[in-house]
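Below you'll find the structure, written out as structure tokens, and then a few comments.
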Amino acid sequence: MKYKKHTLPNGLRVIFAPAKGNPAVMVLVMVETGSNYETKAENGLSHFLEHMCFKGTTMRPKAKDISKELDSLGAQNNAFTGDEYTGYYAKAAKKHFAKLFEIISDLYLNPTLPAADLEKERGVILEEIAMYEDLPQRYVWQVLEGLMYGDTPAGRPILGPRENIKKFTRQDFVDYRNAHYVAPKTIVVVAGDVSETSVLKETRKHFKDIPKGKKVSKLPVKERQSHPGLEIHKKKTDQCHMVMAFRTYGANDKRSPAATVLAEILGKGMSSRLFTRLRDEMGACYYVRASHDQYTDHGVFTIATGINVSRTKEVVEVLLEECKKLATTPVSQEELDKAKEHHIGHLYMNLETTDALAEFYAGEEIATGKPKAPQEIEAEIRKINAKDVMKIAKNLFTNKNLNLAIVGNIADQKPVKKVLTFK
């Protein structure tokens with residue numbers, strides 16, 4: 001699973017991940033911008049722009065022209081927006097590589113952003129916002145971001161607020177795109193059984209006129225906390241969904257691999273501590289999982305679950321109890337080895353397809369600027385020992401890092417607030 005990275009004279013980066021024998025090729029174009037790059041007035045613009053790029057290009061004037069041509073290749077295509085990136089992709093049989101590349105580059109480089117479609121798409125975005133607000137298991141993550149980062153870019157929703165969506169003009173999209181969709185912020189990623197020479201040839205051909213521009217950076221994420229944070233969004237639902245979160249480290253921090261192993265031990269897999277305790281022993285939930293998410297300059301360690309509202313206080317106490325155990329008692333070698341193998345096994349299984357490979361290397365490039373091959377990540381994980389895990393647990397599981405977001409029909413938050421502490 002080796003890859004090749006090239007930086008062209010204009011600053012555009014090209015990553016090629018060969019996948020010999022794979023019948024499908026993936027073309028992904030990523031730009032280093034997302035909700036964390038937006039001002040308050042721009043919040044939601046990155047995601048809205050992503051939608052608008054599919055509404056027509058100078059070569060393909062209508063949205064139907066784009067979709068029809070991609071469908072005629074048997075392609076899968078879509079786009080996505082995150083906190084720190086926006087991506088556009090298409091995947092098809094490798095014989096269509098050149099055409100696939102041309103279409104995606106056209107969509108990225110030459111959108112016309114038609115005013116008529118802008119008005120129509122407002123309704124689509126507003127319905128998307130409403131859809132996620134009606135999904136408590138999803139909406140709780142937005143509540144968490146607001147709790148942890150407040151009225152800063154990292155604390156605002158990727159989709160933006162309704163009032164912004166209703167007032168964006170075509171010129172807003174043009175100005176934002178001109179500022180961010182430039183060569184130094186663009187990454188072309190190709191994964192498949194094609195040649196490195198052909199990847200560079202197509203890139204130089206289609207991206208030769210991309211504006212060089214300047215690399216606009218985002219504001220650093222601000223971390224301010226001295227005591228446990230709690231945010232409850234009261235909603236009449238059958239289940240109470242919660243995310244307990246701890247402030248951690250960015251993707252380049254040397255402590256991140258140990259935090260990843262800690263998440264495995266606590267809540268990855270059906271034999272993890274939380275799955276065993278909450279589901280198998282208590283019968284309190286259907287799902288419970290722990291994760292360690294890393295960004296360019298910050299990270300977050302999370303525990304997510306859905307429970308009956310009557311068991312909220314009880315489950316919060318159990319989550320904290322299991323965290324305390326890891327901060328005070330070393331894990332056994334058997335449990336540590338199991339956690340490592342589980343993570344490494346899923347790392348490789350999750351990279352079986354060309355789209356997964358492309359998204360993996362693009363994510364690595366965005367977060368670190370220097371992608372690691374899976375083998376390098378495996379080596380880092382295998383080095384972690386029980387002392388490393390306990391040290392990280394002690395560092396993370398403290399009141400100054402502790403946050404809890406809940407969406408559910410909770411009438412009184414006092415009982416939850418009372419038990420939300422490591423003291």
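Brief remarks follow.
- Those residues of the range 236-276 which are of a type in the set (K, R) and crowded, with 18+ Cβ neighbours inside 10 Å, in sequence order: R247, K268, R273
- Qualifying positions in the range 35-79 - at positive phi and in contact with a Lys or Arg (Cβ under 9 Å, 6 or more places away or on another chain): G44, G56
- Condition broken by D238, with the remaining ones in (1) in contact with a Lys or Arg (Cβ under 8 Å, 6 or more places away or on another chain); (2) free of Cβ contacts under 8 Å to residues at least 24 places away in the same chain satisfied: (1)
- Taking the listed residues S272, S256, the one that is in contact with a His (Cβ under 9 Å, 6 or more places away or on another chain) and either more than 19 Å from D83 (Cβ to Cβ) or at pLDDT below 95 (or both) is S272, with no other qualifying.
- Selection count, the range 272-311, where residues are part of a loop (DSSP other than H, G, I, E, B) and either of a type outside the set (G, A, S) or in contact with an Asp or Glu (Cβ under 9 Å, 6 or more places away or on another chain) (or both): 8
- Residue in the range 66-79 that is without any contact (Cβ under 8 Å) to a residue 24 or more places away in the chain, assigned by TED's automatic domain parsing to the domain that holds H96 and within 23 Å of the chain's Cα centre (by Cα) present: yes
This table checks each residue for (1) closer than 30 Å to Q142 by Cβ; (2) touching a helix residue (DSSP H, G or I) at 6+ places or on another chain (Cβ under 6 Å); (3) free of Cβ contacts under 8 Å to residues at least 60 places away in the same chain; (4) not charged (D, E, K, R).
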position: V29; (1), (2), (3), (4): yes, yes, no, yes
position: L45; (1), (2), (3), (4): yes, yes, no, yes
position: K94; (1), (2), (3), (4): no, no, no, no
position: K99; (1), (2), (3), (4): no, no, yes, no
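- Looking at K340, K372, just one residue is closer than 23 Å to Y88 by Cα and either in contact with an Asp or Glu (Cβ under 8 Å, 6 or more places away or on another chain) or assigned by TED's automatic domain parsing to the domain that holds Q76 (or both), and that residue is K372.
- Considering residues of the range 277-326 that are buried (at least 16 other Cβ atoms within 10 Å of the Cβ) and of a type in the set (S, T, N, Q) only, the residue farthest from the chain's Cα centre (by Cα): T312
- The range 26-43 - residue that is surrounded by fewer than 24 Cβ atoms within 10 Å (Cβ to Cβ) and of a type in the set (V, I, T) and, of those, farthest from S105 (Cα to Cα): T39
- Number of residues in the range 133-176 that are in contact with a strand residue (DSSP E or B) (Cβ under 8 Å, 6 or more places away or on another chain) and either closer than 16 Å to P111 by Cβ or among the hydrophobic types (A, V, I, L, M, F, W, C) (or both) equals 7.
- Positions within the range 229-271 being closer than 23 Å to K313 by Cα, in contact with a helix residue (DSSP H, G or I) (Cβ under 6 Å, 6 or more places away or on another chain) and either part of a strand (DSSP E or B) or not assigned by TED's automatic domain parsing to the domain that holds K387 (or both), in sequence order: G229, L230, E231, H233, C240, H241, V243, M244, A245, F246
- Yes/no for K313 being charged (D, E, K, R), assigned by TED's automatic domain parsing to the domain that holds Y249 and under 19 Å from S271 (Cβ atoms): no
- Qualifying residues in the range 26-51 (those that are part of a helix (DSSP H, G or I) and of a type in the set (A, V, I, L, M)) - the one farthest from D151 (Cα to Cα): L49
- Selected residue [modelled with pLDDT under 95 and over 15 Å from F173 (Cβ atoms)] from K68, K2: K2
- Test for P114: is it farther than 19 Å from M242 by Cβ, over 22 Å from the mean Cα position of the chain (by Cα) and surrounded by fewer than 18 Cβ atoms within 10 Å (Cβ to Cβ): yes
- Looking only at the range 129-181, and only at residues there that are of a type in the set (G, A, S) and in contact with a Gly (Cβ under 8 Å, 6 or more places away or on another chain), the one that is surrounded by the most Cβ atoms within 10 Å (Cβ to Cβ): G160
The values are calculated or read from the model by the stated rules, or taken from the named source; none is laboratory data. As the structure is a prediction and not an experimental result, all values here were calculated from the model. Note that we place each Cβ from the backbone using ideal geometry, even for glycine, and neighbour counts take in every protein chain shown.
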